[in-house]
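Peer 1: Handing you this structure, nothing more for now.
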Amino acid sequence: MDGEELTEQETALYDRQIRVWGADAQRRLSKSHILVHGMKGTITEFCKNIVLAGVGSLTLVDDRAVTEEALSANFLMPPDENACSGKTLAELCRDSLNEFNPMVRVSVEKGDLASFGVEFFDKFDVVVISFCSLATKKLINERCRKLSKRVSFYTVDCRDCCGEIFVDLQKYNYAKKRQDGTTECELQYPSFQEAISVPWRSLPRKVSKLYLAMRVIERFEEDEGRKPGEICIEDLPAVLKLKKELCEAQSLNESHIPNALLERLVMGAREFPPVCAIIGGILGQEVIKAISGKGDPLKNFFFFDSVDGKGIIEDISDPRPKG
Amino acid sequence: MASLQHSQAIKGAKVLMVGAGGIGCELLKTLALSDFQDIHIIDMDTIEVSNLNRQFLFRQSHVGQSKAKVARDAVLRFRPHISITPYHANAKDSNFNVDFFKQFNVVLNGLDNLDARRHVNRLCLAAEVPLVESGTTGFLGQVTVHVKGKTECYECQPKPAPKTYPVCTITSTPSKFVHCVVWAKDLLFAKLFGDKNQDNDLNVRSNDAARSSEHAGDAFEWSGNEDLEQYGRGIYDHVFGYNIELALSNEETWKNRNKPRPIYCRDVLPNRMTQQNGNVDITDDLSSASAMASLGLKNPQDIWCLMENTKVFLEALKLFFTNRRKEIGNLSFDKDDQLAVEFVTAAANIRAASFNIPSHSLFEAKGIAGNIVHAVATTNAIVAGLIVIEAIKVLKKDTESYRMTYCLEHPSKKMLLMPVEPFEPNKSCCVCSKTPLSLEINTHRSKLRDFVEKIVKAKLGMNSPLIMHATALLYEIGDDLEENEIANYTANLEKVLSELPPPVTDGTVLTVEDLQQEFTCNIHIKHREEFDEEKEPDGMVLSGWTQAPSEKKDDKTSIGNGASTSKSLPTKLGITEIDIEVKEISGGTVSPGTKRKLSEFSDGSTVDQSSDVDQTRNNKKTQKHDDDGGLVMLDHWDSNMSKKQRSP
Ligand SMILES: [Zn+2]
């Protein structure tokens with residue numbers, strides 16, 4: 001137990017979840033500060049989950065204006081674009097999230113995420129970004145890693161019926177609880193750059209095909225200078241060509257990345273609401289675990305595809321010892 | 001692409017949601033975002049503060065209002081053009097009959113109790129509407145699909161009976177804190193503040209029956225002008241002191257047990273808490289009085305010492321008599337009644353001290369006494385997403401891809417969300433396969449009332465049953481009965497089975513039917529003279545479909561709705577066994593989890609059938625899992641039912 005007790009109001013509101021993770025974890029949650037970027041369906045679900053859970057503060061970054069596409073999987077905004085005029089996505093979401101839980105401070109930070117310096121990220125315990133280019137993912141991840149304190153870093157993306165979560169907790173120590181007792185564990189996470197640099201040949205034989213397919217799409221959008229999700233069926237031949245090149249360069253059999261899967265990802269840039277709920281839920285749980293220090297955090301990728309219904313954890317780290 | 005593929009099926013669908021609580025709020029939101037246009041939602045509950053941490057459609061200002069209605073309004077704010085029809089009503093109401101259910105393409109359950117789930121299951125079977133069922137506890141969750149004739153129904157798998165404790169464990173030999181809580185809540189609280197005419201086993205059974213009853217008579221009655229602290233001390237000494245002494249006199253009981261110690265109030269708290277005051281200031285102020293508040297105890301997570309428990313006990317008792325006088329005689333324990341929780345916590349802790357059982361905080365005691373569900377928003381959100389995915393498959397009649405999905409706390413085979421193929425209907429299920437049951441009962445001693453309460457209502461889950469012996473009606477519940485029928489049935493209730501007209505004896509077949517559920521079952525009666533009071537507390541044994549598979553009893557799962565978390569995964573010979581528990585949360589009782597065993601085989605290799613798997617289970621099938629569309633099959637408790645083996 002550290003210091004301050006929960007107020008009577010907090011105990012009443014959070015009663016059911018304190019029964020899951022304990023008062024100590026609830027106190028830590030209430031002192032945590034979270035930053036999110038990319039107010040689409042999945043991030044919206046995530047924000048709802050952690051605001052309900054009772055984090056200390058939540059900061060939203062997304063300067064885009066409201067579009068029909070942005071509204072499609074978002075329950076935080078009225079559907080009328082005119083009613084939203086003049087406000088950014090982040091501002092509209094803030095207004096709704098504030099109502100969910102008056103004990104959580106929800107605010108908006110304007111500007112381009114990539115332009116924020118290292119010191120900006122020092123204010124946060126957790127940074128979750130979505131709807132970002134490959135370069136931005138790497139950049140923000142590196143800035144979080146430059147800080148002396150640990151800032152837990154997550155990326156999340158949903159396309160079609162598929163979702164991906166990446167987790168970087170740097171060096172993470174926790175008490176692993178099992179039936180037969182508790183053991184102290186230390187996990188060493190690679191950065192996003194390190195993880196995706198792991199040669200495909202050295203990945204586990206049955207690694208999720210979604211992992212490889214997402215790398216192809218990410219690379220395609222990066223090479224073509226597209227915004228994330230700015231891709232359509234006309235791009236498929238070029239995407240398939242890129243897949244072939246990447247597989248050859250990595251000496252991986254092309255069958256590991258089914259064309260049908262790439263086709264789905266290319267065509268379904270829009271999020272599928274049930275998958276947003278699932279990925280936003282898993283991400284919420286992971287962030288709560290990392291803040292509270294309770295439970296086994298996932299390392300370091302999570303994939304869900306509603307076509308097979310599996311929610312799979314993949315550990316993609318460089319197997320070679322550090323030198 | 002998803003939206004295009006699904007849009008046709010979704011847009012034309014009319015769906016019924018049962019439950020607008022934790023799962024319900026998430027589900028309604030996800031259905032609306034997924035473009036469902038016509039949603040009906042039933043929930044009888046009103047909103048409480050402790051819902052707000054996860055039922056995100058509700059705000060502080062909605063406390064006390066209908067969940068179904070507020071949920072509708074909240075969702076219409078972001079999807080104004082869809083149709084949501086709320087019903088602030090019990091799903092078991094007679095207007096929600098088979099015809100009502102028939103108008104829907106699919107029914108989605110977000111319920112929190114076994115009774116309502118069974119009821120909806122039967123209506124869906126009768127109306128031939130597919131059902132997607134769900135449940136969560138903490139980080140664990142489950143979603144299943146039930147389609148008549150294609151997959152098992154909700155009741156094909158035996159459901160564990162709500163946990164009950166043998167009477168003498170509660171009255172005389174508690175060994176766990178939960179036993180003390182049950183005693184404090186169901187016996188002491190009920191005796192002091194509840195209906196005086198109810199049977200109550202509070203007083204210790206003694207060989208010297210006359211002695212105990214004579215002493216008990218006066219201790220619980222408040223004369224009306226007696227000083228309340230004095231009165232409280234009298235009760236305290238009676239239940240924690242005298243009754244324990246009495247119990248100790250039954251030496252047989254303590255041969256193999258640790259003896260309890262009697263506790264008297266003067267030894268814990270020699271001085272009075274307040275000045276003697278002859279005139280009690282009775283206010284009948286119904287505002288939430290709190291013993292903790294008046295004693296300056298703030299943190300509900302603290303564990304009180306014996307003296308603090310004693311003070312809370314006396315103070316709470318006094319507050320009931322001063323502030324809530326009018327309610328005494330009609331009170332039943334309510335987890336949201338602060339004063340009641342304080343009293344029960346203190347009483348349970350003092351009893352625990354007698355029996356050398358560790359004390360617990362008010363927060364913990366409240367959870368145990370109120371059967372409080374451990375619930376978080378994230379699991380509900382995930383489960384709601386999974387329900388919608390299955391609902392869309394059902395609407396597209398994509399039978400082959402139906403899955404039952406488990407949300408796990410610890411990954412199994414790298415999976416946190418684990419889909420498995422649904423089971424075939426169980427041929428011996430009395431609900432969907434109309435298999436007869438058999439009942440062992442003492443026909444000379446058990447009354448029809450016992451049969452109705454313990455079997456027809458509790459076990460078979462019928463609301464408005466009709467009981468027939470050949471063509472003769474023995475009993476019926478319904479709205480349109482004649483007066484003489486009612487008199488006749490009421491008289492029958494008090495008769496023992498063998499004296500009914502016509503008599504029910506060994507070999508009789510009774511037909512029990514629920515007209516609303518359109519559910520009928522035949523019960524073969526077998527007379528039996530004796531029953532084991534500990535193991536068969538009902539005094540009757542129903543077998544047939546309720547027969548649980550010979551699963552090892554597991555004490556770890558016994559307490560509370562969410563006391564257990566998912567388990568570690570013992571591995572043997574490449575086989576991982578997982579006990580997945582999805583808790584049933586029922587009204588006032590503690591219930592253990594449903595358990596299923598899952599066997600998985602590494603890398604899709606063939607099964608070594610000779611490995612040390614239970615003989616009855618070794619007939620299982622596996623499918624090679626491939627990363628695309630691969631799945632894991634659960635072995636069925638009745639392997640002959642396995643899908644691949646079934647002949648058409
Ligand atoms: Zn069945």
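Peer 1: Which of the residues belonging to region B:392-414 are more than 30 Å from residue B:52 (Cα to Cα) and within 14 Å of chain A (Cβ to nearest Cβ)?
Peer 2: B:393, B:394, B:395, B:396, B:398, B:400, B:401, B:402, B:403, B:412, B:413, B:414
Peer 1: Is there any pair linking a residue in region A:144-157 that is at positive phi and at pLDDT below 95 to one that is of a type in the set (D, E, K, R) and in a helix (DSSP H, G or I), with Cβ under 7 Å and at least six apart or on different chains, and which?
Peer 2: Note: no pairs meet the criteria.
Peer 1: Being closer than 16 Å to residue A:299 by Cβ, within 14 Å of another protein chain (Cβ to nearest Cβ) and in a loop (DSSP other than H, G, I, E, B) is the filter here, so list the residues in region A:194-214 that pass it. I'd like the intermediate steps shown before the answer.
Peer 2: First pass over region A:194-214, keeping only residues closer than 16 Å to residue A:299 by Cβ: A:194-196, A:198, A:203-204, A:207-208, A:211.
Those left that are additionally within 14 Å of another protein chain (Cβ to nearest Cβ): A:203-204, A:207-208, A:211.
Selection gives A:203, A:204, A:207, A:208.
Peer 1: Take the residues of region A:274-306 that are more than 7 Å from chain B (Cβ to nearest Cβ) and among the β-branched types (Val, Ile, Thr): which is surrounded by the most Cβ atoms within 10 Å (Cβ to Cβ)?
Peer 2: Ranking the qualifying residues of region A:274-306, first place goes to A:279.
Peer 1: Something else now. May I ask you to verify whether residue B:176 is within 16 Å of the ligand (Cβ to nearest atom), touching a residue at least 24 places away in the same chain (Cβ under 8 Å) and out of contact with any Gly (no Cβ under 9 Å at 6 or more places or on another chain)?
Peer 2: no
Peer 1: Answer with yes or no whether residue B:355 is surrounded by fewer than 23 Cβ atoms within 10 Å (Cβ to Cβ) and at pLDDT 95 or above. Full working, then the answer.
Peer 2: Numbers: surrounded by fewer than 23 Cβ atoms within 10 Å (Cβ to Cβ): yes; at pLDDT 95 or above: yes.
Answer is yes for this residue.
Peer 1: Sticking with this one: Report yes if residue B:418 is in contact with a Phe, Trp or Tyr (Cβ under 7 Å, 6 or more places away or on another chain), within 13 Å of chain A (Cβ to nearest Cβ) and either touching a residue at least 60 places away in the same chain (Cβ under 8 Å) or within 16 Å of the ligand (Cβ to nearest atom) (or both), otherwise no.
Peer 2: Numbers: in contact with a Phe, Trp or Tyr (Cβ under 7 Å, 6 or more places away or on another chain): yes; within 13 Å of chain A (Cβ to nearest Cβ): yes; either touching a residue at least 60 places away in the same chain (Cβ under 8 Å) or within 16 Å of the ligand (Cβ to nearest atom) (or both): yes.
Criteria met by residue B:418.
Peer 1: Can you go through B:496, B:504, B:456 and tell me which one is under 30 Å from residue B:102 (Cβ atoms) and either free of Cβ contacts under 8 Å to residues at least 60 places away in the same chain or in contact with a Ser or Thr (Cβ under 8 Å, 6 or more places away or on another chain) (or both)?
Peer 2: Values: B:496 fails: under 30 Å from residue B:102 (Cβ atoms); B:504 fails: under 30 Å from residue B:102 (Cβ atoms).
It is B:456.
Peer 1: Now a separate question. Could you list, in sequence order, all residues of region B:43-53 that are more than 18 Å from residue B:18 (Cβ to Cβ), in contact (Cβ under 8 Å) with a residue 12 or more places away in the chain and in a loop (DSSP other than H, G, I, E, B)?
Peer 2: B:48, B:53
Peer 1: Condition check: at pLDDT 90 or above and in contact with a Lys or Arg (Cβ under 8 Å, 6 or more places away or on another chain). Does residue B:441 satisfy that?
Peer 2: yes
Peer 1: Quick one: count up the residues across region B:132-159 that are surrounded by fewer than 20 Cβ atoms within 10 Å (Cβ to Cβ) and touching a Leu at 6+ places or on another chain (Cβ under 9 Å).
Peer 2: 2
Peer 1: In region A:150-193, what count of residues is obtained for those that are outside any strand (DSSP E or B) and among the aromatic types (Phe, Trp, Tyr)?
Peer 2: 2
Peer 1: Kindly indicate which of B:261, B:233, B:205 is modelled with pLDDT of 70 or more and either part of a loop (DSSP other than H, G, I, E, B) or closer than 30 Å to residue A:5 by Cα (or both).
Peer 2: B:261
Peer 1: While we're here: Of the residues A:179, A:188, which single one is surrounded by fewer than 18 Cβ atoms within 10 Å (Cβ to Cβ), touching a Lys or Arg at 6+ places or on another chain (Cβ under 7 Å), touching a residue at least 24 places away in the same chain (Cβ under 8 Å) and not aliphatic (A, V, I, L, M)?
Peer 2: Matching residue, one of A:179, A:188: A:188.
Peer 1: Under 9 Å by Cβ, and 6 or more places apart or on different chains, what pairs join a residue from region B:111-123 that is under 18 Å from residue B:21 (Cα atoms) with one that is part of a helix (DSSP H, G or I)?
Peer 2: Final answer for the pair search is B:111/B:23; B:111/B:24; B:111/B:117; B:111/B:120; B:112/B:22; B:112/B:23; B:120/B:101.
Condition check ((1) away from every other protein chain (no Cβ under 14 Å); (2) under 21 Å from residue A:151 (Cα atoms); (3) surrounded by fewer than 20 Cβ atoms within 10 Å (Cβ to Cβ)) across all residues:
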| position | (1), (2), (3) |
| --- | --- |
| A:62 | yes, yes, no |
| A:65 | yes, no, yes |
| A:97 | no, no, no |
| A:115 | yes, yes, yes |
| A:125 | yes, yes, no |
| A:129 | yes, yes, no |
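Peer 1: Same structure, new question: Just one of B:372, B:389 is within 14 Å of chain A (Cβ to nearest Cβ), free of Cβ contacts under 8 Å to residues at least 40 places away in the same chain, more than 16 Å from the ligand (Cβ to nearest atom) and under 24 Å from residue B:28 (Cβ atoms); which is it? Show your work before the answer.
Peer 2: Details: B:372 fails: free of Cβ contacts under 8 Å to residues at least 40 places away in the same chain.
The conditions single out B:389.
Peer 1: Could you check, for region B:137-146, whether at least one of its residues is modelled with pLDDT of 95 or more, closer than 20 Å to residue B:396 by Cβ and within 11 Å of the ligand (Cβ to nearest atom)?
Peer 2: Within region B:137-146, one or more residues are modelled with pLDDT of 95 or more, closer than 20 Å to residue B:396 by Cβ and within 11 Å of the ligand (Cβ to nearest atom).
Peer 1: Continuing with this model, one more query. Would you be able to tell me the number of residues in region B:443-477 that are crowded, with 17+ Cβ neighbours inside 10 Å, more than 28 Å from the chain's Cα centre (by Cα) and closer than 17 Å to residue B:531 by Cβ?
Peer 2: Counting residues in region B:443-477 that are crowded, with 17+ Cβ neighbours inside 10 Å, more than 28 Å from the chain's Cα centre (by Cα) and closer than 17 Å to residue B:531 by Cβ gives 1.
Peer 1: Taking region B:429-442 as the search range and keeping residues that are under 24 Å from the mean Cα position of the chain (by Cα) and of a type outside the set (Val, Ile, Thr), which one is farthest from the ligand (Cβ to nearest atom)?
Peer 2: Quick first cut of region B:429-442, residues under 24 Å from the mean Cα position of the chain (by Cα) only: B:429-432, B:437, B:439.
Retained after the next criterion (residues that are of a type outside the set (Val, Ile, Thr)): B:429-430, B:432, B:437, B:439.
Values: B:429: 3, B:430: 8, B:432: 3, B:437: 13, B:439: 19 Å.
So, considering only residues that are under 24 Å from the mean Cα position of the chain (by Cα) and of a type outside the set (Val, Ile, Thr), the one farthest from the ligand (Cβ to nearest atom) is B:439.
Peer 1: Here's a follow-up. Select from region B:4-43 the residues that are at pLDDT below 95 and away from chain A (no Cβ under 13 Å) and write down the one among them that is surrounded by the most Cβ atoms within 10 Å (Cβ to Cβ).
Peer 2: B:9
Peer 1: To continue, here is another question. List the residue pairs whose Cβ atoms are under 8 Å apart, where the first residue sits in region B:135-159 and is touching a residue at least 12 places away in the same chain (Cβ under 8 Å) and within 14 Å of another protein chain (Cβ to nearest Cβ), the second is more than 13 Å from the ligand (Cβ to nearest atom) and among the acidic types (Asp, Glu), and the two are 6 or more positions apart or on different chains.
Peer 2: Between residues of region B:135-159 that are touching a residue at least 12 places away in the same chain (Cβ under 8 Å) and within 14 Å of another protein chain (Cβ to nearest Cβ) and residues that are more than 13 Å from the ligand (Cβ to nearest atom) and among the acidic types (Asp, Glu), the close pairs are B:137/B:581; B:138/B:409; B:139/B:409; B:140/B:409; B:140/B:581; B:143/B:390; B:145/B:390.
Peer 1: What number of residues within region B:105-131 are more than 16 Å from the ligand (Cβ to nearest atom), more than 30 Å from residue A:22 (Cα to Cα) and surrounded by 20 or more Cβ atoms within 10 Å (Cβ to Cβ)?
Peer 2: 3
Peer 1: Let me ask you something else. Any idea which of A:317, A:251 is within 24 Å of the chain's Cα centre (by Cα), over 26 Å from residue B:405 (Cβ atoms), away from chain B (no Cβ under 14 Å) and modelled with pLDDT under 95?
Peer 2: A:317
The values are calculated or read from the model by the stated rules, or taken from the named source; none is laboratory data. Since this is a predicted model, take the numbers as computed values, not measurements. Positions of Cβ are backbone-derived with ideal geometry, glycine not excepted, and every protein chain shown enters the neighbour counts.
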